Structures are given as C-alpha cells and as structure tokens.
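Scroll down for the structure; my scribbles are underneath it.
Quick note: the coordinates plus some simple rules give every number you see, no bench work behind them. As the structure is a computational prediction, the values presented were derived from the model and not from experiment. Every residue, glycine among them, receives a Cβ derived from its backbone with ideal geometry; neighbour counts consider all protein chains shown.
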Amino acid sequence: MDWSRIKTIFIIAFLILDLFLLSQLLTKHRSYQFEVKSDTSFEENLKTDGIEYKELPKDFASDHYLSANTKVFSEEEIKEVNSLKNQRLFSEDGTILQAELTKPISMMDKDDFSDLDEFVKANVLYGEKYGFWSFDKEEGTITYYQNYHDQPLFMNRSAHLVFFLNDANEIQSYEQTMLDTVEPISDKEEVYPAIRALEALYRKGVLKPNSKVIKSELGYYTLVNMEATQVLTPTWRFLVEREGQQENLLVNAFEGQIIQANQGNEKNIME
C-alpha cells in the first residue's frame, strides 16, 4: 500500500474542506457587514428625512396565527349587565350589544381616560379584555378594542367597544362586540423585527418625511373574515404623527407586507 499517496490524498481533502469552510465564513461575514451597513444606511436616511422614532419593541421573536369566532351574548349575560345601575342593555341577535346610560358620563376637561377605563372594567361585560384605542372628536366616539394576551385586535369591528358622546361631551350610549374562542391555529413562526417593519413602510414611501413614530406595538389584524369566524395574523402597528395629524400604519409581522387598513377617521387619535 502506498502510504505516501494516501497521506497526500488526505491532505488535499482536508485542504479542500478548509477552503470550503473558509468560504462559508467569509460569506456570513459579508452578509453580516451588509446587514449592519443596511441598518446604518436606513437610520441615516431616516435622519436625513427628519423621521423620528422611539425605542422599538424587541421582545417578540415568534408568534402564531389565531382563529376566533363571533361571540353571541346569552340572555343571562345581558341580564347581568341590566342588574347594574345606570344602564340598559339590549340586543337583536346577541352579537351586537347596545347600551343606553340613564346618567350620562361627562368627558368634559378630561386629559386621560383612566376614569372610563375603570367604568369599562366594572360595568361592561368582560371589560377587562378591552383596551383604549382612540378618541375621535369629530365623530364624537371613543373606541376600545379587545385584547388577546394584552395584544390588541387592531381595527376589528367584531371585537370593539364604542362609546358615543352627545353635544355636551357626555357619553350617552355604547356598542359592544366580541370575539370568542380565540386560540392559536399554527406553530410559532419567526416575526419580522419592528425595525424591519418600519423599514418596509419607509421603502414603500408610506412613512413620510418629517414624521414621528410615537408608538409601536405588536397585535393582530384580520387576515380572513368569514361570517362567524376570523383568522388573524400578527401585525405591527405604528402610530405616526405628521403635520399635527396622527394615523396608524400596519405591517404584516410574518410577511412584511403593508396592510391597507380601512381606518375611517382614525387620523384624530389621541394616546
């Protein structure tokens, strides 16, 4: 047996392996340098365009799709609310509750909504599941949305709580809808980092120059809406202020696609 020849073959084989591993290392290094350069370039572009943002969330690495059903409130639940003072609750089909307050709640000179938060928790069915969203002065409405594990179900008409104000800036009535049996329907998947979602808005020209991102959070937006069932996807929401107006910008947290939500009059948001 020619040991010298075998030794030479082994040396050549290990040399080839070393070269391969070195090429992989250099590729990863170049990729890392590109990502750092890309981040630096993106941040520089934001500064150049006068775009400001607060520290973005970094706690979310993975999430899953959700399914949910439209809740039908029972007669017993409606009776429970009617047993409380200062409101009368009724519903035609059990999916939309309408409440009239016998004593309106004044919102005059209110700088925050902590008092209303307490009313919601104490006097609204499953009120602890809802969180404040917006106050629309022009429409005279205050909107809350249902949460799932403290994450809001963005702009969901089937999971909202809307208070209606009169000309004296008093709450006279409210409407409530709710999603039931909210649960994951997929394995956890990697979530787009908030900075990448913000970059998607910038690259598409949706995030305008001289804007200020004053809030960012991860929640859920309806991906598929059937008659009684919804499929929801993790979604990044950015509350952006520009020229005295505020609006919500949404990005699919799995695919990075910008969601063209029907926001109505959401440009008058106060948070």
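Using mean Cβ contacts within 10 Å as the protection proxy, how do 151-160, 204-213, 236-245 order, highest first?
Working: 151-160: 21.6, 204-213: 15.3, 236-245: 17.1.
The packing order, highest mean first, is 151-160, 236-245, 204-213.
Search the structure for amide H atoms under 5 Å from the amide H of S106, placed 1.01 Å from N in the peptide plane, and list their residues when 5 or more places away or on another chain.
Residues meeting the amide H criterion: I171.
So what's the net charge close to Q230: Lys and Arg +1, Asp and Glu -1, counting the other residues with Cβ under 13 Å from its Cβ?
On the way: positive: K71, R157; negative: D180, E183, E227.
Here the charged neighbours net out to -1.
How much length would be gained if the chain were fully extended between T181 and E241, taking 0.36 nm per residue of separation minus their Cα-Cα distance, in nm to one decimal? Mind dumping the intermediate values first?
Working: separation 60, 0.36 × 60 = 21.60 nm, distance 3.52 nm.
The T181-E241 span can extend by a further 18.1 nm.
List, in the order given, every pair from K47/K215; K188/K212; K121/K188; K47/K208 whose Cα-Cα distance in the structure shown is over 20 Å.
Working: K47/K215 18 Å; K188/K212 32 Å; K121/K188 31 Å; K47/K208 12 Å.
Over 20 Å Cα-Cα: K188/K212; K121/K188.
Quick check: from the Cα gyration tensor, does region 70-180 come out rounded (a/c under 1.5), prolate or oblate? Before the final figure, lay out the partial values.
Numbers: a/c = 1.66, a/b = 1.18, b/c = 1.41.
Oblate is the answer for region 70-180, as a/c is 1.5 or above yet b/c matches or exceeds a/b.
Which net charge results for the neighbourhood of V182, defined as the other residues with beta-carbon distances under 15 angstrom from its beta-carbon, given Lys and Arg at +1 and Asp and Glu at -1?
Working: positive: K71, K129; negative: D63, E128, D150, D180, E183.
Overall, the nearby charge balance is -3.
Summing Lys, Arg as +1 and Asp, Glu as -1, what charge do residues with Cβ under 12 Å from the Cβ of V206 carry, V206 excluded? Before the final figure, lay out each step's value.
Numbers: positive: R203, K204, K208, R242; negative: E199, E247.
Residues close to V206 contribute a combined charge of +2.
Once phi is turned into ³J(HN,Hα) by the Karplus curve 6.51 cos²θ - 1.76 cosθ + 1.60 with θ = phi - 60°, what whole-Hz value does each residue of region 151-157 show in order, with x for glycine and proline?
Coupling constants for region 151-157: 10, x, 9, 4, 6, 9, 5 Hz.
Please work out the FRET efficiency for the pair F164 and Q260, using the Cβ-Cβ distance as r and a Förster radius of 30 Å; give the result to the nearest 0.05. Mind showing how you got there, number by number?
Working: r = 27 Å, r/R0 = 0.91.
That gives a FRET efficiency of 0.65.
If the chain between N210 and S173 were fully stretched, how many nm would it gain, using 0.36 nm times the residue separation less the Cα-Cα distance? The partial results should precede the final answer.
Numbers: separation 37, 0.36 × 37 = 13.32 nm, distance 3.86 nm.
Difference between extended and current length: 9.5 nm.
How much length would be gained if the chain were fully extended between H149 and S67, taking 0.36 nm per residue of separation minus their Cα-Cα distance, in nm to one decimal?
Taking 0.36 nm per residue and subtracting the Cα distance, the gain is 28.1 nm.
When the Karplus curve 6.51 cos²θ - 1.76 cosθ + 1.60 is applied with θ = phi - 60°, which whole-Hz ³J(HN,Hα) does each residue of region 185-197 get, with x for Gly and Pro?
Listing the rounded values in order: 10, 8, 5, 5, 10, 5, 9, 4, x, 4, 5, 6, 5 Hz.
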